[in-house]
Amino acid sequence: MSQYAPGQSHVSFGPGPMTPAVQAIVIANVVVFMVMMVARTLVIDWFGLTPEAVLTQGRVWQPVTYLFLHADVFHILFNMLSVWMFGVDLERRWGTQSFVKYYAVTGVGAGLCSLLVSLLPFGGDSYDIPTIGASGAVYGLLMAWGIIFPHRTILFLGIFPLQARVFVLIMGAIAFTQALGQGGGTTVAHVAHLGGLLAGYWYLKTPVRRPPTPRPRPNPTNLRRVH
């Protein structure tokens, strides 16, 4: 996704160099992906999010570790590109600690949402099928980006300029409708996408948990002297 500035003649791709937490997330995911190339089944079995394993085998770490597993090159490439695209500006604004906390809350929240839905009558066969990937956290980043930078413009599909808030609404509607129709015939965890959006919205709209807003820098021409 490209960023487009209305009224200007250029299109910029990406927010610039990776910030510390974004870089650490990308490196961790790449390392785990390389391990999966050697021991894919073992890694997914132990660290992918399988509701049945969490609830009956005590693998309570899975709602966290599933975020670092990816199915193929395109899966990890898209997710890490999205972490970079949306995460850098957020980390610069919030600081590394608050950004990491938000990323974890939305990622784990998306996983718990998938786990809870798997227990419902319409949960399909998701109870014993592993969910993997950082997409839930990515959707959480997207929600934050749309709330904090609502008027920034994204080239949707590289063609259509949309304001960030409109883009989030569209992606949320897609996640919702696909989550409602999700069944055993798809390998995409749409419920996790929706869960990431909801967790992000809840977190940002709760005053106690909301990441700090940076204070404006003082204007040197408008200072009070202390004698």
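A short reminder: the numbers here are calculations on the coordinates, not readings from a lab. None of the values given here were measured: they were computed from a predicted structure. Here Cβ is always computed from backbone atoms with ideal geometry, including for glycine, and neighbour counts include all displayed protein chains.
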Under the 7 Å Cα-to-Cβ spin-label approximation, K205 and V31 lie apart by a distance in nanometres of 3.7
Summed over the other residues with a beta carbon less than 14 angstrom from that of D45, with K and R at +1 and D and E at -1, the charge totals 0
In terms of the charge dipole of segment 17-204, which places +1 on Lys and Arg and -1 on Asp and Glu at the beta carbon, the residue among G140, V60, S98 farthest towards the positive end is S98
